[in-house]
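The values are calculated or read from the model by the stated rules, or taken from the named source; none is laboratory data. Values in this document were obtained by computation on a predicted structure and should not be read as measured data. Note that we place each Cβ from the backbone using ideal geometry, even for glycine, and neighbour counts take in every protein chain shown.
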Amino acid sequence: MGSRERKRAERRKRKRRSAEQTTTADPPRGEEARGAETVHEEKESFQERMARRSEERNAEARAKLKPLAEGERPTAVTAGAVISAVLGIIFSVSAVVAVFSSAEIDGSEPSPLPLAVFAVPLWMMAWGMWKARYWAVLGFQMLLVLFMLASAVGLVGGTTVAQVAGALVLLVGSGVLFYYLIRSMARIQMPERPG
């Protein structure tokens with residue numbers, strides 16, 4: 001531990017001790033009480049004040065959340081599971097078609113291995129979200145971020161109205177689903193969850 005860290009730790013200890021001493025003394029009345037409050041507020045550093053306020057806001061948000069009931073799944077998570085399953089079907093069928101047919105895309109046959117490799121996590125996310133698992137929702141949100149980035153690039157590089165409209169729909173849809181999955185993730189990881 002460096003000398004700076006030691007000095008900071010000692011300063012924090014002194015602040016805590018002085019705060020404890022002021023709280024154990026008789027509570028001041030009237031003008032003295034207001035003066036003591038401002039002294040206490042001045043002793044509290046900016047970082048401590050912001051941390052306290054942030055924790056208060058977090059506690060309020062947690063109090064508003066309702067834990068999931070046994071077998072309950074938020075609507076956004078259900079939508080994500082269905083979307084992941086549809087994408088898993090598309091990639092699985094594409095891999096099978098690439099293996100058993102001689103279909104060509106831009107003059108070359110597609111490789112089935114990357115399609116199958118991408119289908120596996122999609123199926124895992126679909127199953128995990130159907131069971132309301134936190135890791136699956138987190139993985140699907142990562143996929144949504146990639147969709148949003150790709151659609152933003154598609155907006156910039158779109159040459160036709162259809163391309164721009166498709167990229168815009170994908171960007172807005174991914175963004176909205178991402179937003180609603182955040183609250184669902186908070187409900188999924190609540191400690192009071194039954195089961």
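Residue count for the stretch 137-192, restricted to those that are outside any helix (DSSP H, G or I) and not small (Gly, Ala, Ser): 6. Among the residues making up the stretch 127-186, those that are of a type in the set (Phe, Trp, Tyr) and closer than 26 Å to GLY71 by Cβ are TRP127, TRP130, TYR134, TRP135, PHE140, PHE178, TYR179, TYR180. Check the stretch 65-72 and report whether any residue there is without any contact (Cβ under 8 Å) to a residue 60 or more places away in the chain and basic (Lys, Arg). Checked the stretch 65-72: no residue is without any contact (Cβ under 8 Å) to a residue 60 or more places away in the chain and basic (Lys, Arg).
Residues in the stretch 42-50 include at least one that is over 26 Å from SER174 (Cβ atoms), at pLDDT below 75 and outside the structural domain of LEU138 (by TED's automatic domain parsing). Look at (1) assigned to a helix (DSSP H, G or I); (2) under 23 Å from the mean Cα position of the chain (by Cα); (3) at pLDDT below 95 and you find that ALA69 fails only one, number (1).
Scanning the stretch 80-111 for residues that are surrounded by fewer than 16 Cβ atoms within 10 Å (Cβ to Cβ) and either in contact (Cβ under 8 Å) with a residue 60 or more places away in the chain or assigned to a helix (DSSP H, G or I) (or both) yields a total of 9. A residue that is without any contact (Cβ under 8 Å) to a residue 60 or more places away in the chain and not in a helix (DSSP H, G or I) cannot be found anywhere in the stretch 116-126.
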